[in-house]
Protein chains: 2
Amino acid sequence: MKSSRESPASGPRQHLLETASRLFYLEGINAVGVDRILQQAGVTRATLYRHFAGKEALVVAYLEREDALIRHHLEAAADRAVSPDHMLELVIEGIAEDAWRHHTRGCPFINATAEFPDPANPVRQVVSRHRVWFRAVLEEYLTAAGREDSAIKADTLVMLRDAVLVGSYLDDSEASRRTFLRTARCAAGLP
Amino acid sequence: MKSSRESPASGPRQHLLETASRLFYLEGINAVGVDRILQQAGVTRATLYRHFAGKEALVVAYLEREDALIRHHLEAAADRAVSPDHMLELVIEGIAEDAWRHHTRGCPFINATAEFPDPANPVRQVVSRHRVWFRAVLEEYLTAAGREDSAIKADTLVMLRDAVLVGSYLDDSEASRRTFLRTARCAAGLP
DNA sequence: CGAGAGAGAAAGAACGATCGTTCTTTTACG
DNA sequence: CGTAAAAGAACGATCGTTCTTTCTCTCTCG
């Protein structure tokens with residue numbers, strides 16, 4: 001009894017969200033209209049407005065999905081890590097891998113912020129929550145690994161993550177990756 | 001003989017460009033239509049399309065103006081510098097000051113790139129040229145100051161500049177500034 | 001058991017508003 | 001008087017959203 005009323009996430013809603021996410025990320029949010037999303041997803045307007053309140057809700061869901069994916073990746077790394085130091089190394093390698101393989105069009109959150117100037121906008125609040133969470137997790141890992149000034153080191157790693165995502169997109173991705181790995185390992189107190 | 005045909009830059013064109021630049025930067029490029037630019041500038045459509053080929057040309061002029069402003073700031077710093085090391089310090093302080101005081105809505109080039117996915121687009125080419133130039137200038141200053149691995153250090157400083165511009169906008173600008181100054185001075189081999 | 005009423009979701013036309021651009025008219029100056 | 005710039009109406013296209021219609025099940029009652 002997989003009622004589409006009680007849990008409609010698996011069906012058209014999920015497909016719609018994935019299609020919209022791809023377009024939003026690859027072409028920018030304001031640049032893609034609902035018509036193209038609907039056309040690419042193979043659904044009609046009524047389907048969209050049944051599962052989402054509007055385009056902005058779709059954008060929020062897109063960023064929340066990105067946030068969930070990153071949290072999932074981090075949890076997977078935490079399971080594989082054999083020590084706090086190893087965890088730091090896995091996080092740094094994971095960021096480099098993500099910038100090099102998946103997020104080749106920059107950071108979804110930074111890009112979204114470029115198009116949403118109002119900090120009170122729900123879209124911006126998703127971005128803020130994600131960044132606060134990510135910084136806190138980094139600080140936690142640094143503290144667990146016994147680092148001094150873990151707050152400062154976490155700030156540095158957040159900045160470097162922003163930098164490698166932007167740099168991989170705008171400049172030479174290979175050089176950005178190497179620069180990131182070197183500086184991030186240094187900032188995290190890794191050999 | 002300041003003919004408005006031979007050098008129309010001083011008059012309505014300059015005013016239009018400054019108005020458009022402010023709106024593009026503060027609200028995003030795709031988010032501001034020509035109507036609002038015209039309204040805020042106090043001119044009509046005909047004036048815009050006389051001085052610019054279209055909105056895209058206006059965007060290109062906006063970014064070229066940002067590029068020119070940064071080049072001007074760097075030249076001013078070069079005049080004040082009393083030594084290569086001092087020049088490096090001035091550049092780093094200038095970036096921090098710029099992110100903290102003027103560019104509080106992120107980097108105009110990074111933000112523009114979020115909205116223009118096509119690398120062949122004229123807008124993107126302005127961004128590329130700016131970044132290549134900036135990186136080369138940094139490397140030149142580092143070499144002049146006798147630093148080893150000036151290419152690597154230049155890459156690092158470019159990344160840190162991206163990071164502080166993004167971080168000042170999205171996170172706590174004071175913390176971003178401090179983190180940038182510390183890491184950038186370290187990367188440049190400054191005390 | 002089968003026909004029909006009814007609810008729910010999808011399809012697609014249509015809405016006003018705004019997008020960037022072009023055109024015709026008016027104004028101003030040499 | 002003639003030329004060029006500015007004013008503003010108007011263009012088709014697209015924006016995000018809403019509305020009416022169609023379809024498809026399910027449940028019910030004859």
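The values are calculated or read from the model by the stated rules, or taken from the named source; none is laboratory data. For clarity, every value in this text was computed on a predicted model and none was experimentally measured. Cβ atoms come from the backbone with ideal geometry, glycine included; neighbour counts cover every protein chain shown. Areas reflect the complete protein model, heavy atoms only, side chains present, ligands, DNA and RNA absent. Shrake-Rupley method; radii C 1.70, N 1.55, O 1.52, S 1.80 Å.
Things worth noting here:
- Residue tally, condition closer than 23 Å to A:ALA96 by Cβ, free of Cβ contacts under 8 Å to residues at least 12 places away in the same chain and assigned to a helix (DSSP H, G or I), over region B:171-191: 2
- A:TYR49 vs. criteria open to solvent by less than 30 Å² (accessible area, probe 1.4 Å) and either within 29 Å of A:ALA154 (Cβ to Cβ) or among the hydroxyl-bearing types (Ser, Thr, Tyr) (or both): no
- Of all the numbered requirements in (1) surrounded by fewer than 21 Cβ atoms within 10 Å (Cβ to Cβ); (2) among the basic types (Lys, Arg); (3) farther than 25 Å from A:ASN30 by Cβ; (4) touching an Asp or Glu at 6+ places or on another chain (Cβ under 9 Å), A:ARG124 misses one, and that requirement is (3).
- Residue check for B:VAL91: of a type in the set (Val, Ile, Thr), in contact (Cβ under 8 Å) with a residue 12 or more places away in the chain and open to solvent by 30 Å² or more (accessible area, probe 1.4 Å): no
- Residue that is nearest to DNA strand C (Cβ to nearest atom), among those in region A:16-34 that are within 14 Å of chain B (Cβ to nearest Cβ) and crowded, with 18+ Cβ neighbours inside 10 Å: A:ASN30
- The single condition from (1) out of contact with any Pro (no Cβ under 9 Å at 6 or more places or on another chain); (2) of a type in the set (Gly, Ala, Ser); (3) within 11 Å of another protein chain (Cβ to nearest Cβ) that B:ALA96 fails is (3).
- Matching residues in region B:94-116 - criterion: being surrounded by fewer than 16 Cβ atoms within 10 Å (Cβ to Cβ) and in a loop (DSSP other than H, G, I, E, B): B:THR104
- Scanning region B:25-64 for residues that are of a type outside the set (Val, Ile, Thr), within 14 Å of DNA strand D (Cβ to nearest atom) and outside any helix (DSSP H, G or I) gives B:GLY28, B:ASN30, B:ALA31, B:GLY33, B:GLY42, B:PHE52, B:GLY54.
- All conditions in (1) of a type in the set (A, V, I, L, M); (2) more than 16 Å from DNA strand D (Cβ to nearest atom); (3) away from chain B (no Cβ under 14 Å); (4) under 13 Å from the mean Cα position of the chain (by Cα) hold for A:ILE110, with the sole exception of (3).
- Those residues of region A:127-141 which are of a type in the set (D, E, K, R), open to solvent by 20 Å² or more (accessible area, probe 1.4 Å) and without any contact (Cβ under 8 Å) to a residue 40 or more places away in the chain, in sequence order: A:ARG135, A:GLU139, A:GLU140
- Residue list for region A:35-90, filter: within 16 Å of DNA strand C (Cβ to nearest atom) and within 14 Å of chain B (Cβ to nearest Cβ): A:ARG36, A:LYS55, A:GLU56
- So B:ALA144, is it open to solvent by less than 60 Å² (accessible area, probe 1.4 Å) and either more than 10 Å from every other protein chain (Cβ to nearest Cβ) or in contact with a helix residue (DSSP H, G or I) (Cβ under 9 Å, 6 or more places away or on another chain) (or both): no
- Residue check for B:THR179: within 8 Å of chain A (Cβ to nearest Cβ), polar (S, T, N, Q) and under 20 Å from the mean Cα position of the chain (by Cα): no
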